[in-house]
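So the structure is just underneath, and the comments pick up after that.
The values are calculated or read from the model by the stated rules, or taken from the named source; none is laboratory data. Please read all numbers here as calculations on a predicted model, not as lab measurements. Here the Cβ positions follow ideal geometry from the backbone for every residue, glycine too, while neighbour counts run over all protein chains shown. Note: accessible area is taken over every heavy atom of the protein model, side chains too, but ligands, DNA and RNA are not part of it. Shrake-Rupley method; radii C 1.70, N 1.55, O 1.52, S 1.80 Å.
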Amino acid sequence: MGDGVRPARKPMKDAQEEAGLPPGVWMGRGLPALGLTAGQTVTERQAELLFGEGRHRDADRIKRECLDDGADPETARLATVLGQPVEEIEQRGQVPLLALDFVFRPQASLVVLLALGDDHTRRVIERAHERAIAVTLGWLEEEVAEVRWASGRKRTKAPALVVAKFRHFDNRHGFPLLHDHCLILNRVQRPDGTWGALDTVRRYQHVVAAGTLYTLTMTTEVCEELGLATVPREVTPGPAR
């Protein structure tokens with residue numbers, strides 16, 4: 001299924017293959033700063049270092065080279081850290097936020113069409129899905145993303161995100177549900193080369209706009225490619241709270 005709990009000690013690659021899922025891939029304009037390229041496979045060690053420890057994806061090599069050059073273990077470890085070390089955050093009694101999971105999925109009508117359609121229809125929907133994700137992430141980079149500066153008191157533009165994208169085809173109950181998990185690293189490079197955390201409040205303030213852009217982009221492309229049309233739907237008000 002892909003959205004279930006991975007058994008302990010089972011490698012990520014084996015779990016993906018067992019579930020019939022493609023490997024995760026890297027996206028975002030911030031990849032070059034980490035020596036990564038778009039479309040490259042996400043390895044388990046890379047994910048562990050970046051999203052689990054807040055360290056460079058090549059931390060093992062960087063630390064080893066620092067030790068070989070005579071650095072002490074603590075200095076070598078700090079050389080691999082992106083932004084504020086996780087240990088410092090935990091010492092303040094806070095939980096480090098190292099990533100944000102943005103989930104992109106088509107509206108229900110397109111999910112049904114994907115499940116029941118022919119090969120051509122499925123290819124059109126999947127292409128539109130991928131394009132809509134790329135457009136939305138690009139918009140987040142250009143218009144929304146800001147990095148914190150000076151202990152969070154200042155903000156500056158951060159048009160270079162690091163994203164690990166994982167494709168899933170069904171939900172936890174086994175029903176068809178094309179969707180992608182885009183794990184956005186909560187560490188971005190500032191103009192001066194240092195690393196800081198994203199302004200996550202600003203991110204959450206634009207979640208609805210991001211979802212709308214994804215849906216509009218995908219629906220428009222699918223309708224144009226397949227000769228379909230959308231129908232306005234009247235939303236009935238729910239119960240008062």
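So the values come out like this:
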read-out	value
Top-ranked residue in the range 186-241 [being of a type in the set (Ser, Thr, Tyr) and in contact (Cβ under 8 Å) with a residue 24 or more places away in the chain; ranked as least open to solvent (accessible area, probe 1.4 Å)]	214
Residues of the range 14-33 satisfying the condition of being under 22 Å from residue 89 (Cβ atoms) and either surrounded by 20 or more Cβ atoms within 10 Å (Cβ to Cβ) or of a type in the set (Phe, Trp, Tyr) (or both)	30
Any hit, the range 55-78, residues being buried (at least 16 other Cβ atoms within 10 Å of the Cβ), touching a residue at least 24 places away in the same chain (Cβ under 8 Å) and aliphatic (A, V, I, L, M)	no
Filter result for residue 172 (assigned to a loop (DSSP other than H, G, I, E, B), out of contact with any helix residue (DSSP H, G or I) (no Cβ under 8 Å at 6 or more places or on another chain), open to solvent by 40 Å² or more (accessible area, probe 1.4 Å) and not β-branched (Val, Ile, Thr))	yes
Count of the range 81-95 residues which are open to solvent by 30 Å² or more (accessible area, probe 1.4 Å) and either assigned to a loop (DSSP other than H, G, I, E, B) or within 24 Å of residue 60 (Cβ to Cβ) (or both)	8
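Table: residues versus (1) at pLDDT 90 or above; (2) part of a helix (DSSP H, G or I).
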site	(1), (2)
204	yes, yes
210	yes, yes
215	yes, yes
218	yes, yes
223	yes, yes
228	yes, no
231	no, no
234	no, no
